[in-house]
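Notes to accompany the following structure.
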Amino acid sequence: MPKFLFIGQDNLLAHRGDLDISFVPTGKAYTPDAPRYPKASLLFQLPRVLYALYSGKYEAAIIPATDKSINYGDSLSQRCIRQLFHATSQSQTLSHFSRNLVSSHTKILILDRYDSPEIQTKQALFTHAESYWKLNLIKDLLPDSSFKVHSLPCWVYQPESFTTRPPLSWADRDIDLFCAFSVNSEAKKTALEWTKRFLTKNIKIFIADSPLSSTDFHEHMARSKIVLSPEGIGYHCFRHYQAMMHGAVPLVSMPNRIVTDLAHGKNSLLYENHEDSFRKTFSGALHDGTKLQALAIKCRECWEQHHSPSAVGDKLVAYMMNHSTQ
């Protein structure tokens, strides 16, 4: 049975009973509705993790990218570990020493979900990573290096209360457009303004005036046909894929240089960043209800096949297994 080491917030391989998985949680997950794991200090686990990583015990190891400038409310020990690792990986001498220690038997993959397009090149070189998986990947910024860079799909979990519930039938959906987000980008600000101009028309629009509870957020989204999801700080927002999960269609601003599998009419509705395109895209989708319903079914399939935690985990395993023989 293949042995894999997975260090991170979400165990994307939890469903793989055919693999011997050593999962080391790094702290509280910021992925919405993610499972909670027993809290353990990464500081005390670090020696065991490093030994396992460098001993060649595993066929593959999946580790998170670290950026000391990002703080998601981690504990003091986690922040210290992140800064220590970041500083260590900047040293050319230690980097060379580390690369000589890493077993060629172990393929190392780095997962980077930061909003910033920056690739942590020195960390990849320090760990002798075989590949680097980046969420907000810009093709123009690919480094000329020894490791391969791939686009990392975003994943979202189903809330526990929805795991046994199929998506609401199309006839029972009473919200044409669902809009609930914090306005942290110009794209969101303008999209919200454009949306409010439809309020005088015979269109059922829900705009959250204040933050919704997780339960209300999902219940309203499950009743919606279209979910407004403009670009925020990073292009790939959980909301795009939560909409898909609920069998709704995400209405998203077109990407600018970012690598994405969002495709207009196939798994989303994409509009150019001006009001005329937004109006035509939204109105046109509502005008043809049959076509919109068919698109919503494709969106749900896209989440199941590409953006559920198990789908992303399977993609990484397939990559590792294919490259372990090369």
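The numbers here are math on the coordinates, done by the rules we state, and not lab data. This structure is a prediction, so every number in the text was calculated from the model and none was measured. Cβ sites come from the backbone with ideal geometry, for glycine too, and all protein chains shown count toward neighbours.
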Can you tell me how the stretch 175-299 classifies by the Cα gyration tensor, rounded, prolate or oblate, using a/c under 1.5 as the rounded cut? rounded
Can you give the charge dipole size of the stretch 160-307 about its Cα centre, rounded to the nearest 20 debye, using +1 on the beta carbon of Lys and Arg and -1 on the beta carbon of Asp and Glu? 280 debye
Straight-line reach from LYS148: which lysines fall under 17 Å, measuring Cα to Cα and dropping same-chain residues less than 8 apart? LYS107, LYS122, LYS134, LYS139, LYS315
Hey, rough spin-label estimate for ASN202 and LYS280, points 7 angstrom out along Cα→Cβ, what's it come to in nanometres? 2.5 nm
Please name which of PRO166, PRO211, MET254 has its Cα lying farthest along the dipole of the stretch 160-307 towards the positive end, using unit charges on Cβ (Lys, Arg +1; Asp, Glu -1) and the Cα centre as origin. MET254
Using the crude model of +1 on Lys and Arg Cβ and -1 on Asp and Glu Cβ, and no other charge, please compute the dipole size for the stretch 283-326 relative to its Cα centre, in debye to 20. 60 debye
So, counting K/R as plus one and D/E as minus one, what does the shell of residues with Cβ under 13 Å around VAL156 add up to? 0
Sort LYS28, LYS266, LYS107 so the one with the fewest other Cβ atoms within 10 Å of its own Cβ comes first. LYS266, LYS28, LYS107
Averaging sequence separations of C-alpha pairs under 8 Å and six or more residues apart, then dividing by the length of the stretch 108-213, give the relative contact order as a whole percent. 20 percent
Just to be sure I understand the model, the point goes 7 Å from the Cα along the line to the Cβ. What's the resulting HIS150 to LYS298 distance in nm? 2.5 nm
Compute the signed sum of charges (Lys and Arg +1, Asp and Glu -1) over the other residues within less than 10 Å, Cβ to Cβ, of ARG113. -2
How high is the FRET efficiency between ALA263 and ASP288 when r is their beta carbon distance and R₀ equals 22 Å, given to the nearest 0.05? 0.80
Can you tell which of PHE181, ASN267, GLY232 lies farthest toward the positive end of the dipole of the stretch 160-307, using +1 and -1 charges on the Cβ of basic and acidic side chains (Lys, Arg; Asp, Glu)? ASN267
Taking neighbour counts of Cβ atoms within 10 Å as a proxy for exposure, in what order, fewest first, do ILE233, ILE138 appear? ILE233, ILE138
Tell me, what is the FRET efficiency for GLU118 and SER182 to the nearest 0.05, using R0 = 22 angstrom and their Cβ-Cβ distance as r? 0.40
To make sure I understand, if each residue's beta carbon is the centre and we count other beta carbons within 10 Å, what order do HIS150, HIS287 fall in, fewest to most? HIS287, HIS150
Percent relative contact order for the stretch 160-307, counting Cα pairs under 8 Å at least six residues apart, stands at 24 percent
Residue separation times 0.36 nm, minus the C-alpha to C-alpha distance between LYS3 and LEU141: what's the value? 46.4 nm
